[in-house]
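The values are calculated or read from the model by the stated rules, or taken from the named source; none is laboratory data. Values in this document were obtained by computation on a predicted structure and should not be read as measured data. With ideal geometry, Cβ positions are generated from the backbone for all residues, glycine too; neighbour counts draw on all protein chains shown. When the accessible area is computed, the model is the full protein with side chains, heavy atoms only, and any ligands, DNA or RNA have been set aside. Shrake-Rupley method; radii C 1.70, N 1.55, O 1.52, S 1.80 Å.
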Amino acid sequence: MKRIIAAGAALALLLSASATLAQQPAKGKDAPAKSSTPSASVSAGKTLYPQGQFDLLLKERTAQGAQDTPELRSAIKEELNTRELLAREAKKQGLDKTTDMKTQMDLAGQTVLVRAYVADWIQKNPVPESELKSEYEKIKSQIGDKEYKVRHILVEKEDEAKDVIAELQKGAKFEDLAKTRSKDPGSKDKGGDLDWNAPASFVKPFGDAMMKTPKGKFTPQPVQTQFGWHVILVEDERAAKVPSYDEVKPQLQQRLQAQWLDKYFKDLRAKNGV
């Protein structure tokens, strides 16, 4: 029942970049013939680009998983030569002099600089291990030590929920009532089944009622949330399967680092009056 799962639920936090240059040109029947491109005027051994560009592009491609082979090096050389020739043709036409193009080039250069600065800032400001562990323990405590397998029936009004409870008390099957009465599109066709979840995965009134209801029983009174009125059946319970700290450390690190970075951005803007 995704609609009632609390935004930013603690369990989801435990269980849960930079842009790259264009990929190497495709080879095959759809690729244009070399004679139709500016690179045709470049001899097999000639290079029109600085070695630094080649080294950087090779480093990025291999970091993406490509193997450093003669074929890759040849493809990079061809790409850089073609890029340089196209850039020269663009400059001959004065495209680099237009206001829009100058703005785009300025933004592109700024993007590269900003990306490098942010990467450097993150490297110099790592989240301390103590904060990561503290956050882990905080989330772990929110999850609790039990998980519950539950079904529910969602209706719009309290009287409807009371009517459902009355029918259940008379012996009606929960799954059948869920299919005919529930307003939750995500679970009604499954007889209201929400599978296994920790209480923290749901909005508080729902999670609290779930914990108070004995195994094999349904809530004797309707449970109200912002989504409507619920009748909850607790089918089973078990010890919570909480991932270890080492398993979730990368996600926690990414999450807290993003929070630190966001705070740095806000402080920087405030410091400069923007």
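For the stretch 83-110, which positions are of a type in the set (V, I, T) and under 36 Å from the mean Cα position of the chain (by Cα)?
T103
E167 versus (1) more than 22 Å from D208 (Cβ to Cβ); (2) touching a Gly at 6+ places or on another chain (Cβ under 6 Å): which is the lone unmet condition?
So E167 meets the others, but not (2).
Taking the stretch 239-274 as the region of interest, how many residues are farther than 29 Å from A119 by Cα and at pLDDT 95 or above?
Counting residues in the stretch 239-274 that are farther than 29 Å from A119 by Cα and at pLDDT 95 or above gives 0.
Residue by residue through the stretch 128-180, note down the ones that are among the small types (G, A, S), surrounded by fewer than 14 Cβ atoms within 10 Å (Cβ to Cβ) and modelled with pLDDT under 95.
Within the stretch 128-180, just S141 meets the criteria.
What pairs come out if I take residues in the stretch 85-110 that are within 18 Å of P50 (Cβ to Cβ) and open to solvent by 90 Å² or more (accessible area, probe 1.4 Å) and pair them with residues that are of a type in the set (A, V, I, L, M) and not in a helix (DSSP H, G or I) whose C-beta lies under 9 Å away, six or more apart or interchain?
R88/L48
For the stretch 54-80, name all the residues that are surrounded by 12 or more Cβ atoms within 10 Å (Cβ to Cβ), in a helix (DSSP H, G or I) and under 31 Å from the mean Cα position of the chain (by Cα).
Selection gives L56, L57, L58, E60, R61, T62.
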